[in-house]
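Chemist: Please find one structure pasted underneath; my questions will follow.
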Amino acid sequence: MNESTMEQPTATPPPVMNPNKALWEKGDFTQIAETMRQSGEALVAMLGITPGIKVLDLGCGDGTTAIPAAKSGAQVLGVDIAGNLVKAGNERIRKEGLTNCSIQQGDATDLQDLQDESFDLVMSIFGAMFAPKPLEVAKQMVRVTRRGGRIVMGNWIPSDPTLVAQILRISSAYTPPPPEGFISPMLWGVESHVIERFGSAGIAKENITFEQDTYTFIALFSPKEFVDRFRHFYGPTMNAFEAAGKNGKASDLQRELEDLFESQNESNSEEVTSIPATFLRVTVMC
């Protein structure tokens, strides 16, 4: 047979990257999470965690709330989609000497490795809200929570005048429109959407409560340096700067963010930045 007529091997296409995974692995969110530790500890302290209960921290990052929950005596499993954050979180756990906490990689829309009704408390603080398919996220959280257990979410609120909602608003003005079918993560900060999503998972409206709360970012550096951390380490902002740079508008984006951080900084020290941000605390009784 002529070599030219021989069937050539078909190249294996590269695996398709999960865009949500790619977003959160793009930078190094630990650089932002360092400014969230104190409020993470304070939030966990409000949850009334008792020794021995089983806790799932969904979208846990490098353990900002998972580690304080473990220090309260709970048996804690953290799940995050970003491999670099899973690695960083387990390293933090090792350094803390905790044996009742671990973090594994997983997707909030498909917790296939977790059994039904296996946790007393499922919490997700600014984590699962960023996963696609919110109805699946709600379904999975309800499925793995035992009857009589709780789900607690912390979600940023759309159009809120405080820091995070404004970062995302400013950044979106410099990025291309989202793909068709995209569902904004900020809708987790709208009560009616939360009720609808958990309702589809079998939770009655009466079993869902809401409270606006405050989360304070505390950074031991200036607001300008804080903006630089978002520019170089926070996936959504990194994407915005890349898009702005292509249009010659990176300096405009930088200026808008610096003005935002300066205006919301409540610290009187040039070496400290303290910025409160409002969020919606959602409690679901299963």
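Chemist: Can you tell me which residue within the stretch 207-226, out of those that are without any contact (Cβ under 8 Å) to a residue 60 or more places away in the chain and not acidic (Asp, Glu), is surrounded by the most Cβ atoms within 10 Å (Cβ to Cβ)?
Modeler: If we take residues in the stretch 207-226 being without any contact (Cβ under 8 Å) to a residue 60 or more places away in the chain and not acidic (Asp, Glu), then PRO223 is surrounded by the most Cβ atoms within 10 Å (Cβ to Cβ).
Chemist: Could you please find all residues in the stretch 192-206 being surrounded by 15 or more Cβ atoms within 10 Å (Cβ to Cβ) and touching a residue at least 40 places away in the same chain (Cβ under 8 Å)?
Modeler: Hits for the stretch 192-206 are HIS193, VAL194, ARG197, PHE198, ALA201, ILE203.
Chemist: From ALA69, ALA131, grab the single residue that is surrounded by 24 or more Cβ atoms within 10 Å (Cβ to Cβ), aliphatic (A, V, I, L, M) and closer than 23 Å to ASN155 by Cα.
Modeler: ALA69
Chemist: Looking at ARG255, ARG229, can you tell me which residue is out of contact with any strand residue (DSSP E or B) (no Cβ under 9 Å at 6 or more places or on another chain) and either more than 24 Å from MET153 (Cβ to Cβ) or buried (at least 18 other Cβ atoms within 10 Å of the Cβ) (or both)?
Modeler: Just one listed residue meets the conditions, ARG255.
Chemist: Also: Can LYS139 be described as touching a residue at least 60 places away in the same chain (Cβ under 8 Å), basic (Lys, Arg) and either more than 22 Å from ILE53 (Cα to Cα) or surrounded by fewer than 23 Cβ atoms within 10 Å (Cβ to Cβ) (or both)?
Modeler: yes
Chemist: OK, next. Against the condition closer than 24 Å to LEU43 by Cβ, of a type in the set (Gly, Ala, Ser) and assigned to a loop (DSSP other than H, G, I, E, B), how does SER274 come out, does it pass?
Modeler: The answer is no for SER274.
Yes or no, residue by residue, for (1) over 28 Å from GLN264 (Cα atoms); (2) of a type in the set (Asp, Glu); (3) in contact with a helix residue (DSSP H, G or I) (Cβ under 6 Å, 6 or more places away or on another chain):
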{"residue": "GLY148", "(1), (2), (3)": "yes, no, no"}
{"residue": "THR162", "(1), (2), (3)": "no, no, no"}
{"residue": "SER171", "(1), (2), (3)": "no, no, yes"}
{"residue": "GLU180", "(1), (2), (3)": "yes, yes, no"}
{"residue": "GLU206", "(1), (2), (3)": "yes, yes, no"}
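Chemist: Can you confirm whether GLN75 is touching a Leu at 6+ places or on another chain (Cβ under 8 Å) and surrounded by fewer than 24 Cβ atoms within 10 Å (Cβ to Cβ)?
Modeler: The answer is no for GLN75.
Chemist: Here is a follow-up. Exactly one condition in (1) part of a helix (DSSP H, G or I); (2) more than 24 Å from GLN140 (Cβ to Cβ); (3) free of Cβ contacts under 8 Å to residues at least 60 places away in the same chain is not met by ARG229; state its number.
Modeler: Every listed condition holds for ARG229 apart from (3).
Chemist: Further question on the same structure: Select, from GLY59, GLY149, GLY106, the only residue that is among the small types (Gly, Ala, Ser), in contact with a Cys (Cβ under 7 Å, 6 or more places away or on another chain) and closer than 22 Å to ALA201 by Cβ.
Modeler: The conditions single out GLY149.
Chemist: Can you name the residue in the stretch 17-41 that is surrounded by 14 or more Cβ atoms within 10 Å (Cβ to Cβ) and of a type in the set (Gly, Ala, Ser) and is also modelled with the lowest pLDDT among such residues?
Modeler: So the residue we want is GLY27.
Chemist: Continuing with this model, one more query. Could you check how many residues of the stretch 64-84 are out of contact with any strand residue (DSSP E or B) (no Cβ under 6 Å at 6 or more places or on another chain) and either within 13 Å of MET36 (Cβ to Cβ) or acidic (Asp, Glu) (or both)?
Modeler: Qualifying residue count for the region: 4.
The values are calculated or read from the model by the stated rules, or taken from the named source; none is laboratory data. Source: prediction; values computed, not measured. As a convention, Cβ positions derive from the backbone with ideal geometry for all residues, glycine included, and neighbour counts pool all protein chains shown.
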